[in-house]
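J.: My questions will all concern the structure given below.
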Amino acid sequence: MKSQEVVHPGHLCDVGGCESTITAEKEARMDIHKNARTTPHSRAAIVERITRLGESVKGVARAVGICPKTVRKWVARARAGDSLVDRSSRPQHVPGATPAELVEHIDRLRWQRWTSAEIVERLRLGRSTVAR
C-alpha cells in the first residue's frame, strides 16, 4: 500500500550507491503519506539540481510537479543547514491552553473524588475544560 511506504532519512550517497553500516531496523523511520509529492531524498535531489547544476526554480518545479514556492522553501532550508525531513505540525505554543496550575488543581480535586459538576461549580469553569 503506497500510504504505508517507509522512507529512511539520512545522508544521501553520491550517485552510484553506497553501503550502510546501520541496519534498516535501527534507522529512524518515517511514514510518507499517500499524497506526498516529495520525500527527503527527492528534496535533496531538487536542492542539488538548483544549487549544483544551476537549473531554474520554475523548470525543476514543473519537472517534479510542485510549485516554485515549495522548491524555494527546500533550497532555503538546505542553504540554512536545516534538515529536509518533514517538520512537526504541532504548535510550539498554545495561548489559549489551560494553565498548568489549574490543571493540577483539577487533578487534585479528581483524586479527592469530586465529580465534574462539583468542580465546574466550585471553580466556575466550563464543563469541557474540566473534562479535558
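Read-outs throughout are calculated quantities, based only on the coordinates presented, and are distinct from any laboratory measurement. Keep in mind that what you see is a predicted model, and the values were worked out from it rather than measured. Methodologically, a virtual Cβ is constructed for each residue, glycine included, from the backbone with ideal geometry; neighbour enumeration extends over all protein chains shown.
J.: Test HIS93 against the criterion of being farther than 16 Å from THR38 by Cα and assigned to a helix (DSSP H, G or I), and give yes or no.
T.: no
J.: Follow-up question, since we're still on this one. Pull out all pairs, ordered by first then second residue, where Cβ-Cβ is under 9 Å, the residues are six or more apart or on different chains, the first lies in the range 104-132 and is free of Cβ contacts under 8 Å to residues at least 40 places away in the same chain, and the second is of a type in the set (Ser, Thr, Tyr) and assigned to a helix (DSSP H, G or I).
T.: These pairs meet every condition: ILE106/THR129; ARG110/SER116; VAL120/THR129; LEU123/THR129; ARG127/SER116; VAL130/SER116; ALA131/SER116.
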